Amino acid sequence: MNLIVLRNRKILVLHVLFTINNVVYTITDLRGNTLFWVSVGSNKVKNTKKVTTTSIFLSIKDIELFLDKYNVGYLFLKLKGFNKYKKTILKQLKQFYSQIILIYEKTDLAHNGCKNRKMRRL
């Protein structure tokens, strides 16, 4: 693993993808190489129970164990997608991990495209 070291501590990026039925967490290094991933569905939670706070906390605990095991110093957080539990996930990550350097929101919003030209009248 080639990790950039800042004051002898590692920097990693946590990508959180919110889909309609699931939440996917991926931990990468700064070059984009995947080191660890977990989703709410990988914890044997099925159907609509995947998008509840208790199931989300189970997957966050897996992330906590990984970060403790590899002594990660700083964390970039990238969020993508819509979910009503986005704020609770942020609060939980901030409580556990105080060394979050940057929170980046990359949610695409539809804007219905460009305006059509006026109809030509003869």
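Structure notes:
- For VAL23, distant residues with modelled amide H under 5 Å away: VAL40, GLY41
- In Hz, Karplus ³J(HN,Hα) per residue of the stretch 82-87 (6.51, -1.76, 1.60; θ = phi - 60°; x = Gly, Pro): 10, 6, 6, 9, 4, 5
- In sequence order, the stretch 109-122 has phi-based couplings of 10, 6, 10, 6, x, 7, 6, 6, 5, 5, 6, 7, 10, 10 Hz under the Karplus curve 6.51 cos²θ - 1.76 cosθ + 1.60, θ = phi - 60°, and Gly or Pro positions carry x.
- Amide hydrogen neighbours beyond the local backbone of LEU79, cut-off 5 Å, H modeled: VAL16, TYR104, GLU105, LYS106
- Computed log₁₀ I(q)/I(0) - Debye formula, equal Cα scatterers, no solvent, the chain, q 0.19, 0.23 Å⁻¹: -1.04, -1.42
- Student exercise, the chain dipole from Lys, Arg, Asp, Glu Cβ charges, in Debye to nearest 20: 860
- Using alpha-carbon coordinates, inclination of helix 53-69 to the longest axis of the chain, degrees: 50
- Among beta bridges that DSSP assigns inside the chain, antiparallel share in %, nearest 5: 50
- Long-range amide H partners of LEU35 with built H, under 5 Å: ILE27, THR28, ASP29
Since every read-out is calculated from the coordinates, none of them should be taken as a lab result. On a predicted model such as this, the values are computed, not experimentally measured, just so you know. With ideal geometry, Cβ positions are generated from the backbone for all residues, glycine too; neighbour counts draw on all protein chains shown.
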